[in-house]
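Here is the structure we will look at, set down as structure tokens.
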Amino acid sequence: MDTLIPSTSVDSRDSTTVYEQLTSRGVSRRDFLKFCGWMSACMGLGSEGVAQVAQALETKKRIPVVWLHFQECTCCSESFLRSSHPIVADILLDKISLDYTETLLAASGHQAESVLHQTITKYKGEYLLCVEGSVPTAAEGVYCCIGGRSATDIIQEVAAGAKAIIAWGNCACSGCVQAAKPNPTSATPISKIITGKPIVHVQGCPPIAEVMAGVLVHLLTFDRIPQLDALGRPKAFYSRRVHDTCYRRPNYDAGLFVESFDDENARKGYCLYKMGCRGPTTYNSCGTIRWNGGVSFPIQSGHGCIGCSESSFWDNGPFYERLGSFPGFGIETTADKIGLVVGAATVVGAAGHAVLTNVRKHHEIGEQPGESAANGPSTSAGGSSNQGGTES
Amino acid sequence: MNTHAPSAASSAYQRIYVWELPVRFYHWLNALCILVLTATGFLIANPPAINTASEASFSYWFGLNRFIHFAAAYVFVFNFAFRIYWGFVGNKYANWKNFLPLRWAQAKEVASVLRVDILQSSNKPLVAAGHNALAYLTYFVMFLVFVFQVASGFAMYANMSNAWFPQLFTWMLPIFGGDAGLRQWHHLATWFFIIFTIIHVYLVFYHDYVEGHGVLSSMAGGWKFLPKKQPAGEGKSLFSGAPVTTKPAGASPRSPS
Ligand code: HEM
Ligand code: SF4
Ligand code: SF4
């Protein structure tokens, strides 16, 4: 087990490649290649990608990595470590040379801090910074302090020398539950604090282990940031909605919906749209890669997607309603309730106005040139005498 | 009451050809699109429970409904684009300059319309050959909502399509907090269309009833019937009602329709 624990010295890990590390740990070449094939499939690279991945892992030096934890529940680390594929955990713990991470570090106190400082000084401009958790900025950052320093301080210092940043999970990408209204600690996503560094958003609460591994392998293989969508998420994993890869989709298109969780339709496996499924507005790989080594995913277990890879998904609730509450109008006020009230007011207003018109414009109605109701058809070309109205 | 076009000699009215055929065509196609988009949109938002014993693969009504929504959206967009073009080449009532009360006369007219028609604190008759200045301004606001509805709709549609056009709007997504947030706003904006329609239809009836200038039928035939000499007062300063190409009633060429 001791190889799982990052050593207090960063020097011993300098020269080996990922492949050397793996074979020295007893991984066969066959298993190694299988892993490369699987990873490139996850990344959507196709068959030529396998060789690229294999070559990169065989020849490239491991990347030094610093992994910081702020306001979070560690579900991202958990997800990663529990990946069914043993090499995934290996990648994290050995191959990428994880030099500092509070959760798994054997060292503590000053020893731990010195590892961090050694790494960021020695590998300035080279190391990869992984962040799990959001940064609370309220009250000068007192809501999250490590070793007597606020998260804001730490992230500023460590990010300054990083080559790139990976924001793990919804917390680091968009603040997750601690940023939900009213966000008492001003939990802030990393991209709002650090500017001028490439940031990869690996969204989800937590992200799928294979997606996390895929992003790391991509960085190892190609030495550059994967293609990102408008929200900074790698396109390889977040370009399609859960809805577009959902096996219940034919039921959606056929208009066959579950109406309540215990009905006949639920048993038949109909679409969960009317139960509040957020699949149509959520970008993630749950429908293809699935969870726990492809065993299942929430919708397959009969529960709608809650949109965990989208920003402010906690505030887009209630989770079991199709139409969310409208921001600023209180709980369970949907766009439809607002619309109905304003619409009804409009109808009442128009009716009132019609009555008013008949009172106020009693004389004017029909008193047009040539059509005076009182005088019969008039031949006068100008305005009739009644026409000017009485007011100024 | 004489409901036929009076003879030129006896009439106090003149016929004015206000809405050209392309404008009328735009209007009704637009109305149809909005009707279809609202109906299919609400079905998307809240599909009824239709239960059949058949397999999902034999039925596609919900997919078809969405298809109609998206197809109507394209028609809506091109029709709208055409109307903008017509704002530059059409007659003066259709001109884009009417839609913004940038001139003093237009701003004053907005105020008079508010006084005479909405608050009814004054009864001075107003005569507008085109729309009145307040109506033009309202349509301008409506056009902004069109743009929003198109942009939000196509931003959501972008990931279902390989066409380039929807991709132009993906920048909307981060601003509105992703698809979920945008969908909310798209849904809320639908109510704007409904409320607009209520007020719009009411005011057309109102003007037709109070003024008797044939506003209601003008969007069908293109003609309005206005007093030959405009009465003194607020009606005079109208920007859009200012010297118009009038034709004596009865002696006019028909519209190309
Ligand atoms: C002009 C371009 C428009 C486009 C491209 C568009 C596109 C869309 C899209 C992509 C959706 C989401 C459908 C889904 O995820 O399955 C949607 C929903 C909807 N659209 Fe549109 N739309 C347009 C205009 C309109 C207009 C003019 C209206 C109404 C007047 C409207 C009303 C609605 C409604 C009510 C929904 C359901 C929203 C919800 O509750 O999720 N749309 N539209
Ligand atoms: S269950 Fe959810 S993701 Fe699947 S088809 Fe229905 S709405 Fe889409
Ligand atoms: S199905 Fe939706 S809520 Fe569930 S893990 Fe996937 S993205 Fe998150």
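Numerical summary
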{"read-out": "Inter-residue pairs, beta-carbon under 8 Å, first under 22 Å from A:GLU332 (Cβ atoms) and more than 8 Å from chain A (Cβ to nearest Cβ) and in region B:184-200, second part of a helix (DSSP H, G or I) and modelled with pLDDT under 95, 6+ apart", "value": "B:HIS186/B:MET156"}
{"read-out": "Unique match (being within 15 Å of ligand 2 (Cβ to nearest atom), of a type outside the set (Asp, Glu) and exposed (fewer than 15 other Cβ atoms within 10 Å of the Cβ)) among A:SER285, A:SER296", "value": "A:SER296"}
{"read-out": "Extreme residue, farthest from ligand 3 (Cβ to nearest atom), among residues of region A:223-281 that are within 24 Å of B:SER161 (Cα to Cα) and among the basic types (Lys, Arg)", "value": "A:LYS235"}
{"read-out": "Hits in region B:168-177 - residues which are assigned to a helix (DSSP H, G or I), more than 7 Å from chain A (Cβ to nearest Cβ) and either within 27 Å of the chain's Cα centre (by Cα) or buried (at least 16 other Cβ atoms within 10 Å of the Cβ) (or both)", "value": "B:MET172"}
{"read-out": "Subset of region B:58-70 that is free of Cβ contacts under 8 Å to residues at least 40 places away in the same chain and closer than 13 Å to B:MET160 by Cα - its residue that is farthest from ligand 2 (Cβ to nearest atom)", "value": "B:PHE67"}
{"read-out": "Filtered residues of region B:201-220 (kept if in contact (Cβ under 8 Å) with a residue 12 or more places away in the chain and over 17 Å from B:TYR13 (Cα atoms))", "value": "B:LEU203, B:VAL204, B:TYR206, B:MET219, B:ALA220"}
{"read-out": "Number of the exception - B:ALA180 against (1) at the interface with chain A (Cβ under 7 Å from one of its Cβ atoms); (2) away from ligand 3 (no atom under 16 Å from the Cβ); (3) on the phi < 0 side of the Ramachandran plot", "value": "(2)"}
{"read-out": "Identity of the residue in region A:264-294, among the polar types (S, T, N, Q) and touching a residue at least 24 places away in the same chain (Cβ under 8 Å), that ends up farthest from ligand 1 (Cβ to nearest atom)", "value": "A:ASN292"}
{"read-out": "A:THR288, sole failed condition from (1) in contact with a Phe, Trp or Tyr (Cβ under 8 Å, 6 or more places away or on another chain); (2) within 13 Å of ligand 3 (Cβ to nearest atom)", "value": "(1)"}
{"read-out": "Of the criteria (1) free of Cβ contacts under 8 Å to residues at least 24 places away in the same chain; (2) away from ligand 2 (no atom under 15 Å from the Cβ), which one A:HIS201 fails", "value": "(1)"}
{"read-out": "Number of positions in region A:301-314 that are over 17 Å from the mean Cα position of the chain (by Cα), touching a residue at least 24 places away in the same chain (Cβ under 8 Å) and more than 9 Å from ligand 3 (Cβ to nearest atom)", "value": "1"}
{"read-out": "Pair list, Cβ < 8 Å and 6+ apart or interchain, from region A:217-241 residues that are free of Cβ contacts under 8 Å to residues at least 24 places away in the same chain and of a type in the set (S, T, N, Q) to residues that are in a loop (DSSP other than H, G, I, E, B) and within 16 Å of ligand 2 (Cβ to nearest atom)", "value": "none"}
{"read-out": "Hits in region B:20-57 (condition: more than 8 Å from chain A (Cβ to nearest Cβ), within 16 Å of ligand 2 (Cβ to nearest atom) and β-branched (Val, Ile, Thr))", "value": "B:ILE44"}
{"read-out": "Where a residue in region B:108-129 is more than 15 Å from B:LEU203 (Cβ to Cβ) and away from chain A (no Cβ under 13 Å) and its partner, wherever it lies, is among the small types (Gly, Ala, Ser) and not in a helix (DSSP H, G or I), with Cβ under 6 Å and at least six apart", "value": "B:ALA129/B:GLY241"}
{"read-out": "From the options A:PHE257, A:PHE261, residue that is away from ligand 1 (no atom under 16 Å from the Cβ) and modelled with pLDDT under 95", "value": "A:PHE261"}
{"read-out": "Yes/no for A:ASN251 being surrounded by fewer than 19 Cβ atoms within 10 Å (Cβ to Cβ) and more than 22 Å from A:ALA179 (Cα to Cα)", "value": "no"}
{"read-out": "Test: A:VAL211 is more than 13 Å from ligand 3 (Cβ to nearest atom), in contact (Cβ under 8 Å) with a residue 40 or more places away in the chain, farther than 28 Å from B:THR40 by Cα and touching a strand residue (DSSP E or B) at 6+ places or on another chain (Cβ under 8 Å)", "value": "no"}
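Rundown of residues vs (1) of a type in the set (S, T, N, Q); (2) at pLDDT below 95; (3) on the phi < 0 side of the Ramachandran plot; (4) not in a helix (DSSP H, G or I), yes/no style:
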site	(1), (2), (3), (4)
B:ILE16	no, yes, yes, yes
B:TRP19	no, yes, yes, yes
B:ALA31	no, no, yes, no
B:ILE50	no, yes, yes, yes
B:PHE62	no, yes, yes, no
B:PHE67	no, no, yes, no
B:ALA72	no, no, yes, no
B:ASN79	yes, no, yes, no
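The values are calculated or read from the model by the stated rules, or taken from the named source; none is laboratory data. None of these values were measured; they are calculated from a predicted model. Every residue, glycine among them, receives a Cβ derived from its backbone with ideal geometry; neighbour counts consider all protein chains shown.
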